[in-house]
Structure formats: C-alpha cells, structure tokens
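Structure first, commentary second.
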Amino acid sequence: MVDMTTTSAPTVATSAVSFERVTKSYGDVRAVDGLTLDLRPGETVALLGPNGAGKSSTLDLLLGLRRPDSGTVRVFGTSPREAIAEGRVGAMLQSGGLMGEVTVRELVELACALHPRRHRVSDVLARAGITEIAGRKVDKLSGGQEQRVRFALATAGANDLIVLDEPTTGMDVTARQAFWATMREQADQGRAVLFATHYLEEADAIADRVLVLHRGRLLADGTAAEIKAKAGARKVSFDLAEIDADLAARLRELPFLTSLDVAGRTVRLQSTDADATVHALYGLGVYPYNLEVAGLGLEQAFVAITAAEEAASQC
Amino acid sequence: MLNTLTSWALVRLEITRALRNRKFLFFSVIYPALLFLIIAGSQSGSEVDDGSGLSLPAYLMVSMASFGALTAVLMGNSERIAKERESGWVRQLRLTTLPGRGYVLAKTASAAVVSLPSIVVVFVVAALFKDVRFEAWQWLALTAAIWAGSLCFAALGVAIGYLATGDAVRPITMIVYFGLSLLGGLWMPTTTFPQWLRDIASWLPTRAYAALGQAIETGGAPHAKDVTLLVAYFLLFAGARRGCTGRTH
C-alpha cells in the first residue's frame with residue numbers, strides 16, 4: 001500500500017502526454033471531440049480506431065503540427081512545440097516525407113546532428129536495419145526501406161516519447177517483428193511509446209494499454225484484456241452427440257446468448273456471461289464434447305465496441 | 001545563436017545537394033556567361049544609349065551577372081520547396097529541434113552559395129574576352145551588390161515555393177523568371193522598350209537590381225531609390241511566405 005503511493009505519486013506529476021477536453025474541427029467535421037487522456041512515461045500505448053476516427057488529427061495535435069480549437073495539450077508538462085524543440089519527442093508520421101537527392105547516411109547524419117541527445121550515426125543505422133543501404137540515394141528506396149529510414153530519423157537521439165503513425169505499413173512479417181523488438185527495447189529504457197495502427201494483433205501483442213478512438217472521442221481505455229472484456233462477449237464452442245430440432249430450439253433459449261450457430265454437430269455461440277450459459281447447457285441434460293470457452297480477439301472486440309457505439313449514436 | 005548552430009547541419013546538407021546537381025549548376029553558373037558572350041559578341045564597340053556612357057559589354061556584364069544570380073536563387077528553390085512541402089519533408093523537419101526558420105535559412109544559403117560563382121564567372125568571362133575593365137574596388141563592390149541584391153529574389157523563390165502547389169510551381173516560376181528578366185532589362189536595355197513598358201519596368205525589382213551594378217560601373221554608389229525598392233520587395237516576399245506558413249503545415 002505504501003509502495004503504491006510512493007511509486008504512483010511522481011508519475012502523476014510528470015505525464016508524458018496529457019489532453020484536456022481537446023477539440024478540433026475542420027469545417028463541419030469534428031475530428032477530435034472533447035478528448036481527455038493521459039499517458040505516463042514508460043508506457044507503450046496503442047491508438048486504435050476505424051478510418052476517420054481522428055487518430056491522425058490526435059497525433060497532429062500531440063506534435064503541435066495543429067492547434068486545438070479548445071482544450072489544452074501538454075507534453076511533459078510543456079507545449080508540444082517546446083517539447084519537440086527540446087528534443088524530447090521522436091515521431092514517425094505517414095505523412096512525413098524524406099529529403100531527396102541525398103544518401104540515407106547523410107539524412108540520418110542530419111537527424112543526429114539536430115538532436116541534442118544524439119546517438120551515434122552507425123548505431124542508429126544498425127538499429128533501423130539500414131546499414132547496408134546507407135550509401136543509397138533516398139529517392140531510390142522501396143516503401144519498406146523508406147519506412148525504416150523514417151524510423152531511424154525518429155530514433156536519432158534519446159527521446160522520452162516516441163510517436164508512431166502506422167509504423168509497420170509496407171514492412172514484411174520479418175521486418176515487422178524486428179521493428180517491434182527494437183521498439184520494445186525503447187520502451188524498456190523508460191520511454192513512452194504511442195503508436196497508431198490498424199494491425200490489431202500488433203496492439204494486442206505490444207501495447208500495455210489500448211485507446212480506442214471513435215468519431216474523435218475516447219471509447220475505451222485499458223489493457224487489451226480489459227478492452228476485450230468491455231466488448232462483453234466470449235466465444236463458446238462444443239460438439240454434441242446429435243442435435244435434433246427440439247434440442248436446437250432449446251439451445252436457442254440458453255441465457256445470455258448474443259449469437260448461436262449450429263453446423264452439423266458443432267455449436268458455436270457468443271455469450272455475455274459464458275459461465276451462466278455453460279451452466280444452463282449442462283442443465284439441458286446434454287454432454288458437450290470439446291468444450292472451449294475463449295475471449296474475443298481484440299479485433300472482434302474492437303468491431304463490437306465501435307458497432308455498439310455506432311448503433312447508439314443512431315438512436 | 002544556438003538556433004543558427006542547430007540549423008547549420010541542414011544548411012551544409014542543402015549546399016552539398018545543390019553543388020551535386022549538375023543541371024542546376026550549368027544553368028546558374030555557365031549559361032549566363034555563355035549568354036553574355038553570345039549577346040555581347042556582335043556589338044563590342046557600341047555604347048548603351050541611356051546616357052550613362054557605359055559600353056554595351058560592361059552594361060551586359062552586370063545584366064548577365066544579375067540574371068545568373070537570379071537563376072541560382074529563384075529556379076532551384078521554388079520548385080523544391082513546393083515539392084518538399086507536398087512530400088511531407090517540411091512536416092518531418094517540424095518534428096526535429098530545427099527552429100522554424102532553419103529550413104528557409106538553409107534554402108537561402110544554398111542558393112547564395114551557387115549564385116556567387118555565377119556572378120564571378122560572368123565577370124571573368126567579360127574581363128578576359130570582352131576587355132571589360134574596372135577599378136579593383138568596383139569589381140568588389142559589383143560582386144557584393146549583386147550578391148546581396150539576389151537575397152530579394154531568394155525570398156521570392158521561397159514565397160513561390162510556399163504559395164504554389166507542386167503541379168503549378170514550375171510554370172509559375174518560369175513566368176515570373178522570364179517576365180522579370182525580360183521586363184527588368186536583364187536581357188536587353190530597357191531603352192529599347194516603348195515608353196509605357198519602361199514605366200512599368202522602372203518599378204520592377206529586376207530593374208532596380210541591375211541598376212545597382214550599373215551605378216557602381218559608372219563610378220557611383222547604388223541609387224537610394226533602387227535600394228529602397230529592393231528592400232521593399234524583399235519585405236513583401238518574406239511577408240508573403242510568412243503569411244502562408246500557418247495554413248500549409
């Protein structure tokens with residue numbers, strides 16, 4: 001108990017990022033709508049949301065590339081522009097281009113030179129996996145190579161916060177795994193990492209915390225497991241010796257069902273209270289074989305949460 | 001001071017890149033000198049009939065040196081800035097510790113590094129092949145005035161780069177470049193123009209620009225009106241750029 005207070009007190013004082021009722025509109029479109037959130041140093045946070053959810057706008061506001069219409073954005077207790085000028089933030093944006101007609105090494109040298117706590121150029125090249133292509137002209141790179149150069153630019157020095165927008169787009173599976181291994185190292189050194197992604201398995205595997213954004217608002221905020229729980233349903237599947245019409249009808253009346261699918265002798269259902277549903281199943285006097293109870297994947301949870309919100313907003 | 005030091009890395013890289021671009025170097029450094037030889041070649045003895053008493057080669061030397069400097073500072077930057085804004089490189093730079101004006105500073109510096117040789121090469125060619133002679137102080141003053149005056153057009157190049165989109169930037173730059181060169185009298189003396197065109201020309205920055213050098217050639221200091229006009233244009237162009245950086249990022 002005492003430990004809790006001593007460890008949590010300083011983190012409250014030094015939020016890596018804090019948004020307070022931040023709003024940003026483009027014409028009639030409200031891209032960010034009263035967003036309040038708080039990221040702590042050392043956290044790895046995934047930002048999820050369907051297209052147009054306001055992810056890019058949120059990152060732009062966080063990096064001071066745009067100003068909020070109302071509300072405040074603070075990065076390490078100061079304005080985003082100031083935090084960037086101090087070299088505390090490294091960022092890799094999809095919209096971030098590269099300087100042409102120079103070599104990869106020259107560009108990385110520039111990024112290192114601009115950083116007050118710069119790493120060695122050879123280290124930055126090695127970590128991004130671009131040592132072999134360091135002599136190549138930037139204009140002659142593949143999409144995945146460009147992405148790794150962007151990553152090198154974002155990690156040219158010791159940042160306290162790394163912001164990544166769809167960082168693994170264009171990378172193959174091996175490159176993607178190597179990328180996240182590197183990112184893990186960064187997080188282990190106490191850096192906050194915030195990434196937007198549409199690969200939900202990445203968010204599931206990497207992030208300590210997942211933020212679900214929808215129509216510019218924060219729909220869910222928690223660990224991947226909590227997000228899945230919030231979606232409510234769990235999957236239950238089992239086989240029965242035989243299923244006749246009468247049994248099928250009784251299965252349909254099980255409590256807490258949200259869906260039921262009978263294919264041959266296999267039953268797949270989703271339930272908001274799997275324990276109660278399975279208990280009632282035994283109550284029917286049948287014996288289920290190969291019984292499996294599993295949580296929804298993050299992807300299904302994500303779809304469920306945003307669909308529920310979509311339905312609610314249409315009422 | 002600290003800001004300037006931070007910008008230095010980008011300044012150096014921009015200069016390296018400019019010096020690597022052969023086509024750009026040819027058009028900024030070699031082409032004005034060649035044009036000078038072609039135009040001055042046929043008419044070495046004649047005087048310009050603007051009452052200055054300057055020989056045509058001396059007059060053309062300043063025009064072509066000014067033209068070369070104009071090419072160096074205007075042509076490369078406007079297009080590159082528009083393209084780099086579109087590609088997101090300008091945005092990427094905003095995520096570094098580079099101060100806001102560092103990018104424009106680097107572009108201007110790299111242009112100035114190319115414009116200096118473009119001025120000097122025209123002078124050397126004029127002295128060697130067309131026997132143009134001046135006092136030592138005049139050569140130095142000419143170089144300094146034309147080099148400094150080119151800053152006005154560097155600011156114009158930057159402004160076009162920020163105002164134009166990637167598709168439109170080349171034609172816009174070309175129109176401005178040829179329009180200013182021709183009407184400002186960089187290719188032929190404005191004395192050959194009809195009066196109404198001369199009236200327009202007298203207010204163009206290129207006319208004032210060439211007049212800086214011509215004043216020095218006749219043994220005097222640049223006229224206050226020309227200097228004022230160039231400074232006013234510089235402020236206008238720099239202001240135009242600043243006015244639109246807000247919406248472009």
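The values are calculated or read from the model by the stated rules, or taken from the named source; none is laboratory data. Just so it is clear, the model here is predicted, and its values are computed rather than measured. Cβ coordinates were reconstructed from backbone atoms using ideal geometry, including for glycine residues, and neighbour counts include every protein chain displayed.
Exactly one residue among A:Thr169, A:Thr182 is in a loop (DSSP other than H, G, I, E, B) and either without any contact (Cβ under 8 Å) to a residue 24 or more places away in the chain or among the hydroxyl-bearing types (Ser, Thr, Tyr) (or both), and that residue is A:Thr169.
Residues in segment A:31-52 that are out of contact with any Ser or Thr (no Cβ under 7 Å at 6 or more places or on another chain) and over 22 Å from A:Val89 (Cα atoms): A:Gly49, A:Asn51, A:Gly52. Can you tell me which residue is surrounded by the fewest Cβ atoms within 10 Å (Cβ to Cβ) among those in segment B:81-104 that are assigned to a helix (DSSP H, G or I) and of a type in the set (S, T, N, Q)? Across segment B:81-104, the extreme among qualifying residues is B:Ser87.
For segment A:120-130, filtered to residues that are at pLDDT below 95 and assigned to a loop (DSSP other than H, G, I, E, B), the residue that is nearest to the chain's Cα centre (by Cα) is A:Ala128. Residues that are of a type in the set (Ser, Thr, Tyr) and under 14 Å from the mean Cα position of the chain (by Cα) were ranked within segment B:136-169; the one that is surrounded by the fewest Cβ atoms within 10 Å (Cβ to Cβ) is B:Thr143. Taking the criterion of being buried (at least 24 other Cβ atoms within 10 Å of the Cβ) and more than 8 Å from the chain's Cα centre (by Cα), the residues of segment B:60-75 that qualify are B:Leu60, B:Met61, B:Val62, B:Ser63, B:Met64, B:Ala65. For segment A:135-161, residues that are assigned to a loop (DSSP other than H, G, I, E, B), buried (at least 21 other Cβ atoms within 10 Å of the Cβ) and aliphatic (A, V, I, L, M) total 1. Those helices (runs of 4 or more DSSP H) of segment B:155-249 in which at least 1 residues are within 14 Å of chain A (Cβ to nearest Cβ) and either hydroxyl-bearing (Ser, Thr, Tyr) or out of contact with any strand residue (DSSP E or B) (no Cβ under 9 Å at 6 or more places or on another chain) (or both), considering only elements entirely within it, cover B:224-248.
Listed by position, the strands (runs of 3 or more DSSP E) inside segment A:35-114 whose residues that are more than 10 Å from every other protein chain (Cβ to nearest Cβ), crowded, with 20+ Cβ neighbours inside 10 Å and touching a residue at least 24 places away in the same chain (Cβ under 8 Å) number at least 3 are A:44-48. Filtering A:Asp246, A:Asp275, A:Asp261, A:Asp221 for residues that are part of a strand (DSSP E or B), among the acidic types (Asp, Glu) and more than 21 Å from A:Glu309 (Cα to Cα) leaves a single hit, A:Asp261. Considering segment A:201-218, the residues that are touching a strand residue (DSSP E or B) at 6+ places or on another chain (Cβ under 8 Å) and part of a strand (DSSP E or B) include one that is surrounded by the fewest Cβ atoms within 10 Å (Cβ to Cβ), namely A:Arg217.
Taking each residue of segment B:77-100 that is within 7 Å of chain A (Cβ to nearest Cβ) and looking for partners that are of a type in the set (Lys, Arg) with beta-carbon atoms closer than 9 Å, six or more apart or interchain, yields B:Trp89/B:Lys83; B:Arg91/B:Arg85; B:Gln92/A:Arg150; B:Arg94/A:Arg81.
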